[in-house]
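A short write-up of the structure that comes next.
The values are calculated or read from the model by the stated rules, or taken from the named source; none is laboratory data. Since this is a predicted model, take the numbers as computed values, not measurements. Methodologically, a virtual Cβ is constructed for each residue, glycine included, from the backbone with ideal geometry; neighbour enumeration extends over all protein chains shown.
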Amino acid sequence: MDANKLSYMLDLLDDDSQEVRDEIVKQLSTYGLHLEIDLREFSELMNEQRQILIAPILEKNRRNWLEQNWISVLETSDTIDKIEIAMELISKFQYGLGGACELTDRLDGIADIFRNKIPYGDEIDLATYLFQEIGIKGDQENYYNPFNSNAVFALTQKKGNPITLCLIYAFIGDRFGFNIAGCNFPGHFLAKVINEDEHYLVDCFNGGKIIYESDVSELAKDSEDSIAHIISEIPTAATIIKRILSNLSNSYSKINQLENMELFFRLSKTL
């Protein structure tokens, strides 16, 4: 279908005949992945009824788009870049193909502000800036919201789940050469800072609280040995992405969006 015909097709979505409306929906479903992008030109024509009719088409297109573009994650080496690409794709999938929500640009912008504000800032300064000064925090009230796994959402709404907040910290830290890894700590995901002087954990979900390894035994007295093993083990990028996808699959199941649940389950099997 030609983009020039979209205005005419949208008008027919309000036709009195159910048969006509069904035929238009059928034709729009064959338009392709650019439908959502091309519709931006006709946003003033998109009343509530038309949005309801087209929504299933756009949602299916987004799922197809994500599966087609997931190859860029699989072809990237197992580094923090692999995770950032995955989070970029997830953000675009959730916000829509026609929107502008470039994760990398937003991360670069925050990194530039931090660099100008604290030129010689370290990992603790960055944690304080993100989780105290900016005020990005854990979403306690709506923990299982699928958008809590969306890094762009976390940056704009200043809330997210533990792993998303830790990854934002790691992504920005990587721009300064900071060595920030993940930690599958019992309860929720933590960030782990690794430098020559010392290693410590950062609870990004709770205000960027610093937890030194010497204090860890106080947090889990009954399982000190297993905790020590968890802290010493650095999860791979693929392992972290699998955890993100598992969170998304679980979140979508809770709101009965089963096609999205199955999508993220399938993607997790590719890693």
*asked:* Out of Phe153, Phe131, I need the residue that is more than 17 Å from His188 (Cα to Cα), part of a helix (DSSP H, G or I), among the hydrophobic types (A, V, I, L, M, F, W, C) and in contact with a strand residue (DSSP E or B) (Cβ under 9 Å, 6 or more places away or on another chain). Which one?
replied: Phe153
*Checklist (1) under 30 Å from Asn260 (Cβ atoms); (2) free of Cβ contacts under 8 Å to residues at least 40 places away in the same chain applied to Asn116, failing item*: (1)
*Among the listed residues Thr104, Thr128, Thr164, which satisfies the condition of being among the hydroxyl-bearing types (Ser, Thr, Tyr) and in contact with a Ser or Thr (Cβ under 6 Å, 6 or more places away or on another chain)?*
Thr164
*Assess whether Asn206 counts as being crowded, with 23+ Cβ neighbours inside 10 Å and either closer than 20 Å to Glu102 by Cα or polar (S, T, N, Q) (or both).*
no
*Just one of Ala151, Ala170, Ala191 is within 13 Å of Asp203 (Cβ to Cβ) and crowded, with 20+ Cβ neighbours inside 10 Å; which is it?*
Ala191
*Quick one: how many residues across segment 246-262 are assigned to a helix (DSSP H, G or I) and touching a residue at least 40 places away in the same chain (Cβ under 8 Å)?*
8
*For segment 136-151, indicate whether the set of residues that are of a type in the set (Gly, Ala, Ser), in contact with a Leu (Cβ under 6 Å, 6 or more places away or on another chain), in contact (Cβ under 8 Å) with a residue 24 or more places away in the chain and not assigned by TED's automatic domain parsing to the domain that holds Asn64 is non-empty.*
yes
_helices (runs of 4 or more DSSP H) contained in segment 1-108 and holding at least 2 residues outside the structural domain of Ile134 (by TED's automatic domain parsing), free of Cβ contacts under 8 Å to residues at least 24 places away in the same chain and crowded, with 18+ Cβ neighbours inside 10 Å_ = none
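Residue by residue, here is whether (1) in contact with a helix residue (DSSP H, G or I) (Cβ under 8 Å, 6 or more places away or on another chain); (2) modelled with pLDDT under 90; (3) closer than 25 Å to Glu259 by Cβ holds:
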| site | (1), (2), (3) |
| --- | --- |
| Asp15 | yes, no, no |
| Glu44 | no, yes, no |
| Pro56 | no, no, yes |
| Glu59 | yes, no, yes |
*Could you tell me which residue of segment 180-211 is nearest to Asn161 (Cα to Cα), considering only residues that are more than 19 Å from the chain's Cα centre (by Cα) and β-branched (Val, Ile, Thr)?*
Val202
*In this structure, is Asp225 modelled with pLDDT under 90, assigned to a helix (DSSP H, G or I) and in the same structural domain as Ile168 (by TED's automatic domain parsing)?*
yes
_Candidates Ile244, Ile230, filtered to the one that is modelled with pLDDT under 95 and either among the charged types (D, E, K, R) or under 14 Å from Asn184 (Cα atoms) (or both)_ = Ile230
_Going through Phe171, Phe114 one at a time, which residue ends up being under 21 Å from Ile83 (Cα atoms) and either at pLDDT 95 or above or not assigned by TED's automatic domain parsing to the domain that holds Val193 (or both)?_
Phe171
